[in-house]
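Below you'll find the structure, written out as structure tokens, and then a few comments.
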Amino acid sequence: MTRQDQPDKVMVELIKIGKSYPPDIEALKDVSLTVAKGELLFLTGLSGAGKTTLLRLLCRIEHPDRGLVEIDGMDIGKLPGKKMQHLRRRIGIVYQDFKLLPGQSVARNIALPMEITGRQKSFIRKQTRTLLERLGLKGKKNTRAGDLSRGEQQRVAIARALCNKPDLILADEPTGNLDTKNSERVMDLFNEHRNRGATIMIATHDSRLYGLGEHRVVVLANGYIIGAGIKRELLQTEEALHE
């Protein structure tokens, strides 16, 4: 499927993307990828393969050296500041380093993005309570984020990314600090958002996340996409990277 064939059904389009960092690190090389609206897609590969860089390009934290990045038909490299700010409100980002406000409570960390987008107080209260319960954090509502364990901080970061019911969810190693039970909680939430129409891209080393289902898996190595397809077709490719 290409953007030209079905422009109304494409959420993410990357065309011949290249990205380098000084002095001579090529993070992405000639990467092209199309992600449909409502698709759940996994990015996998060894550390340094380019997964995080790819996600950062999609929310314009980073800029490509060459190539085209489109979100919902918009060339984000050409979007003026206010339009890009508006687009970011439709994107939920789970950062690998969480980026929480350590001195603020768990509830405050989750509520803040909703306040910024002008949500009603009743929605904020209900959504915060629901996410805390779903992620096993109900008893941590008033705890400072900086006093939480790494796994608890990760779940707060996920709740914050999902609170505004975004159209596009970008998650970088969202279960890296979680046990099996909490990983399942997170994936249940992701799948619920997908069922309501959200597009979800997850960068992960965790084969538990993409080992079931018929979603696509994209394997990166040394900045290139070396495989893309349904998970059962790609597990041997991904496993071969570790040999």
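Being out of contact with any strand residue (DSSP E or B) (no Cβ under 6 Å at 6 or more places or on another chain) and acidic (Asp, Glu) is the requirement here; does ASP30 meet it? When the stated conditions are applied, ASP30 does not pass them. Selection of region 151-186 for residues being crowded, with 21+ Cβ neighbours inside 10 Å and hydroxyl-bearing (Ser, Thr, Tyr) yields only THR175. Condition first: surrounded by 20 or more Cβ atoms within 10 Å (Cβ to Cβ) and either within 25 Å of ILE200 (Cα to Cα) or not basic (Lys, Arg) (or both). Can you find one or more residues in region 115-123 that meet it? No.
Taking first residues from region 83-97 that are exposed (fewer than 14 other Cβ atoms within 10 Å of the Cβ) and partners that are assigned to a strand (DSSP E or B), the Cβ contacts under 9 Å between residues at least 6 apart in sequence or on separate chains come to LYS83/MET74; ASP97/ASP172. Residues in region 187-208 that are touching a helix residue (DSSP H, G or I) at 6+ places or on another chain (Cβ under 8 Å), surrounded by 14 or more Cβ atoms within 10 Å (Cβ to Cβ) and at pLDDT below 95: MET187, THR204, ASP206, SER207.
Among the criteria (1) touching a residue at least 12 places away in the same chain (Cβ under 8 Å); (2) more than 17 Å from GLY227 (Cα to Cα); (3) within 16 Å of the chain's Cα centre (by Cα), the one LYS51 does not fulfil is (2).
Scanning region 209-232 for residues that are in a helix (DSSP H, G or I) and either modelled with pLDDT of 80 or more or closer than 23 Å to LYS29 by Cβ (or both) turns up just one, LEU209. For region 91-106, check the following and say yes or no: at least one residue is outside the structural domain of PHE190 (by TED's automatic domain parsing), within 27 Å of THR52 (Cα to Cα), assigned to a helix (DSSP H, G or I) and not polar (S, T, N, Q). Yes, some residue in region 91-106 is outside the structural domain of PHE190 (by TED's automatic domain parsing), within 27 Å of THR52 (Cα to Cα), assigned to a helix (DSSP H, G or I) and not polar (S, T, N, Q). None of ASN142, ASN164 is under 22 Å from ARG89 (Cα atoms), of a type outside the set (Asp, Glu) and either modelled with pLDDT of 95 or more or not in a loop (DSSP other than H, G, I, E, B) (or both) except ASN164.
Scoring ARG56 on the criteria (1) part of a helix (DSSP H, G or I); (2) closer than 16 Å to ALA228 by Cβ leaves a single failure, condition (2).
The condition of being farther than 28 Å from VAL186 by Cα, among the hydrophobic types (A, V, I, L, M, F, W, C), part of a strand (DSSP E or B) and under 18 Å from the mean Cα position of the chain (by Cα) holds for LEU28.
Does LEU148 count as surrounded by 15 or more Cβ atoms within 10 Å (Cβ to Cβ), of a type in the set (A, V, I, L, M, F, W, C) and more than 19 Å from PRO166 (Cβ to Cβ)? Judged against the criteria, LEU148 is a match.
The values are calculated or read from the model by the stated rules, or taken from the named source; none is laboratory data. Everything numeric here is computed off the predicted structure, so don't read it as measured data. Cβ: placed from backbone, ideal geometry, glycine included. Neighbour counts: every protein chain shown.
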